[in-house]
Every structure is written in C-alpha cells, then in structure tokens.
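Undergrad: Take a look at this one; I'll ask things after.
The values are calculated or read from the model by the stated rules, or taken from the named source; none is laboratory data. Computed from a predicted structure; not experimentally measured. Counting neighbours? That spans all protein chains shown, and the Cβs are built from the backbone with ideal geometry, glycine included. To get the accessible areas, we keep the full protein, side chains included, count just its heavy atoms, and leave off ligands, DNA and RNA. Shrake-Rupley method; radii C 1.70, N 1.55, O 1.52, S 1.80 Å.
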Amino acid sequence: MLVLFALSLLILMQVDAVYAQIRKAPFIFPATDQYLVLKADFHQHTVFSDGSVWPATRVEEAYGEDLDVIALTEHIEYRPHLDEMTARSHSHSFELAVNAAERFGIILIRGTEITRMMPPGHLNAINITDADVFEKFVNPNNSSDSAHVVEALAEARRQGGFVFWNHTAFPTPDNKSTWHPIHQHLLEQGLMMGIEVVNGERYEPIAFQWCLDHNLTIFSNTDVHSTMAQKRSADDSKVMTLVLAKERTQDGVMEALRDRRTIALWNNQLMGREQHVAPVVAGAVKARLHERNNLYLFELENASGFPFIFEFTDLPQGFRIRNDVPWSVKPYETTAFTASVRGDAPQSVKVRVLNVFVTPENNLEMELPVIK
C-alpha cells in the first residue's frame, strides 16, 4: 500500500513538473451575449506525417498559446518519418495526444489531411472516427492523384466529418487561388463545408470572398510543422480561428462550424461575417463617459487580448471628441481622451473598426453603447 502511494505521489509530481515548465500566455476574448469565443487551430502536423514535434507537444503548445481547440491533421499520403515508427496507424498521433489534451483542458479533434494535386488541392477532414480507412482511396503509384478524392470526402462525410479546403493557392504553379469546377461540385454535393482564408503567414482575400459568396465556414489555421515557437519567430502574430460556440465541448465546436459561426484572426486583424464580428467587438470593448464639474472623459476599455483600431463616424449632435487620428486600444488597456458634451450625453457612438473586416475591402461599422 505504501509503495502504491509513493508511486502515485511520484506521478503527480511529474505532472506538476510538466505544468511548471509550460507558461500560459493569456489571450482572452470575453463571451458575447449568446456565445463563448473559443480559440482554435484546425490544421497542425506532427512527426506522424511531415511535422517535427511529438503529438503531446502540440497539446502543450496549445496550452501555452491559450488555445481551446486543436486538430492534428496528419497527411494520409505523405509520411516521411514512417520508417522510424513502429506504429503505422493514421490515428496514432491523436491517440498519443489524448491524455495530454485531457490534462491541459484542450479539446482535441480527430482529423486528417487528404493531400491531392490541384485541383482540388489539399483538404482537411475533421471530426472523423477512423483515419486509416482513407488510405484505400490513395493511388499507390501516385499519391497526389486526385482520381478518388470525391470518394474519400464522401467517406469523411459518412463518418460525420467536416471538410474544408486548405491553402487555396497551394499547390499551384503560379501560387494563385482559383475556383475550379471540382470545387463547385464538392460544394454542391456537401463535400466541402469551409475554406482556409488564412494559412500560416498567408491571407487570401479571394478565399474570404468565396466563403461569403458560397456560405462556407471561415478558417484561419497555422498549418504548423515546426515548433510553434519557431513559427512565431518567423511571424510574430497569432493565427487562429475564433469559434462562437454555445458550449465548450467538441459537440459545441462542431455545431458552431456547421452553422458557420467562425472568424479568422491573422496579423492583428479579424475577418468574418458582420453578425459574428460585431458581437465579439462589443463583448471586448466598452465605451464609458465620465463627468465631473462639467468636464468629460471618454474611454474605450479593451478586455480582450486583441488590439482594436477605431475611428468615429457620425458623432452625436453636441458630442465632440478627438477624431483626427484612429484610436488604438491595446489589449487589456483603456484609451481615454477629453470630450465636449452640449446637451444630453450620447447613448451610443458609431465607429468603424479599421482592423476588423466584413468583406475583403470593407471594415465593420457598428454602434457602441456608452456607459455612464
């Protein structure tokens, strides 16, 4: 009995040591009136395809980045480290990461990358149940042959999976995004439900427009192969998909994806539908007006980890505030200026959010209630 107690204590000490070595950098988005704002990366690789890290490391990195959700999407066709492995299953990376995900509170979604020549290119299938079955759709003589890609995606759907098109400009000779007839076919057959608007360091405005035009779910993913630290040293901005979920569960995440309640985050910008980005901004930023002895101070308080840039439009009558330069509101900080008020204090102010986009060309315009 004493030996068992000692062993249990040793295991707990080792787990605590792992936690002590990993520091979380909080990156907060307050909930909206209706939804939690979960932070996700649905496109990651490990040594079980062509990545360079162990599966559990991806979970630890997710914890450090303050992500809520990740998907390990190993290539079915391309596994350059396979000769070093004893396990051959396409699901093994997921199985190796499950316990770490439970310890660190990360929602881990089973996935795979179906890697074909363009068209249709590379597609991720997440929320699947069996990755190994997809190997039967691969041409053993030419793994990038797209002849049986429709059957592969139909199998993903049969498993309850969700399919999205990755990095729309790759692999193409001209590095240009093109909507091909097969993409229209996949859309019409319900075999492509979303598109990566952002992949790593690259944002594709045309892919954003395709999501709007075809009612597809918007994604922004790292496609990380190296360590996350190496990726961030090359691109010092966060890349993630914001998911507006009813609950912090895998079912809650998948329900939100199917209802297209996602926002792309990249390079300190947000890209999404107006009905999704406006509540996120309203949940993060509060406008306040303080008055003392007829002197007014107007504040914008940012409760999120994301920096917002505002300019005011159509100021209420009798309300004046400095508006010759945009207002930058840093994460977890308050920006304040003196204001002039003649008559009644404003109930709200109209703003344009210069780093939040509702189309590739248009910024979000909204009203912020003024708290007194």
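Undergrad: If packing is taken as the average number of other Cβ atoms within 10 Å across a peptide's residues, how do 45-51, 25-31, 356-362 rank, most packed first?
TA: For the peptides 45-51, 25-31, 356-362, the packing ranking is 45-51, 356-362, 25-31.
Undergrad: At 1.4 Å probe size, put Lys39, Lys286, Lys238, Lys330 in order of accessible surface, largest to smallest.
TA: Result of the area sort, largest leading: Lys330, Lys286, Lys238, Lys39.
Undergrad: Nearest 500 deg cm²/dmol is fine: what mean residue ellipticity at 222 nm does the chain get from its DSSP H runs of n ≥ 4 alone, each adding -39,500 (n - 2.57), divided by its residue count?
TA: Result for the chain, helices only: -8000 deg cm²/dmol.
Undergrad: Same structure again: ³J(HN,Hα) across the range 64-72 via Karplus (A = 6.51, B = -1.76, C = 1.60, θ = phi - 60°), whole Hz, x for Gly/Pro?
TA: x, 7, 6, 7, 9, 9, 9, 10, 8
Undergrad: So, with +1 on the Cβ of K and R and -1 on the Cβ of D and E, and no other charges, what is the size of the charge dipole of the chain about its Cα centre, to the nearest 20 debye?
TA: My answer is approximately 980 debye.
Undergrad: Could you tell me which of Ala147, Phe219, Trp54 has its Cα farthest along the dipole of the chain towards the positive end, charges placed at Cβ (Lys, Arg +1; Asp, Glu -1), taken about the Cα centre?
TA: Phe219
Undergrad: Another one. Out of residues 5 or more away from Leu315 or on other chains, whose amide H comes under 5 Å of its own, with H placed 1.01 Å from N in the peptide plane?
TA: Here the answer is none, since no amide H 5 or more places off falls under 5 Å of that of Leu315.
Undergrad: Taking every DSSP beta bridge that has both residues in the chain, what percent is antiparallel when rounded to the nearest 5?
TA: Expressed as a percentage, antiparallel bridges in the chain total about 70.
Undergrad: Find out how many positive minus negative residues lie around Thr32, taking Lys and Arg as positive, Asp and Glu as negative, among other residues whose Cβ is under 12 Å from that of Thr32.
TA: Around Thr32, the charge tally is +1.
Undergrad: Given a 1.4 angstrom probe, I'd like the percentage of the accessible area of the chain that is carbon and sulfur, rounded to a whole number.
TA: The C+S portion of the solvent-accessible surface of the chain is 51 percent.
Undergrad: Compute the long axis of helix 149-158 from its Cα atoms, compare it with the longest principal axis of the Cα atoms of the chain, and write down the angle in degrees, 0 to 90, nearest 10.
TA: Orientation of helix 149-158: about 70 degrees from the principal axis.
Undergrad: Please compute the modelled spin-label separation between Gln317 and Lys24, points set 7 Å along Cα→Cβ, answer in nm with one decimal.
TA: Taking the two extended label points, one gets 5.0 nm.
Undergrad: Can you work out the Karplus-derived ³J(HN,Hα) for every residue in the range 123-130? Use 6.51 cos²θ - 1.76 cosθ + 1.60 with θ = phi - 60°, whole Hz, and x for glycine or proline.
TA: Per residue, the Karplus-derived 3J(HN,Hα) values read 9, 9, 10, 10, 6, 8, 10, 8 Hz.
Undergrad: Between Ser340 and Thr172, what's the calculated FRET efficiency when r is the beta-carbon distance and R0 is 45 Å? Round to 0.05.
TA: About 0.20, to the nearest 0.05.
Undergrad: While we're on this one: Would you mind getting the accessible area per residue of the chain, heavy atoms of the protein chains only, 1.4 Å probe, in Å²?
TA: So the chain comes to 46 Å² accessible per residue, rounded to a whole number.
Undergrad: Would you mind computing Rg(Cα) / (2.2 N^0.38 Å) for the chain, counting N as its residues?
TA: So the Cα radius of gyration is 1.11 times the expected 2.2 N^0.38 Å.
Undergrad: Same structure again: Check Phe357: other-chain or 5+ apart residues with amide H under 5 Å from its amide H, H built from backbone geometry?
TA: Sorted by chain and number, the residues that satisfy this are Leu270, Met271, Gly272, Leu364.
Undergrad: While we're here: For the chain, what number of Lys pairs, 8 or more residues apart or on separate chains, have alpha-carbon atoms under 26 Å from each other?
TA: Summing the qualifying lysine pairs gives 24.
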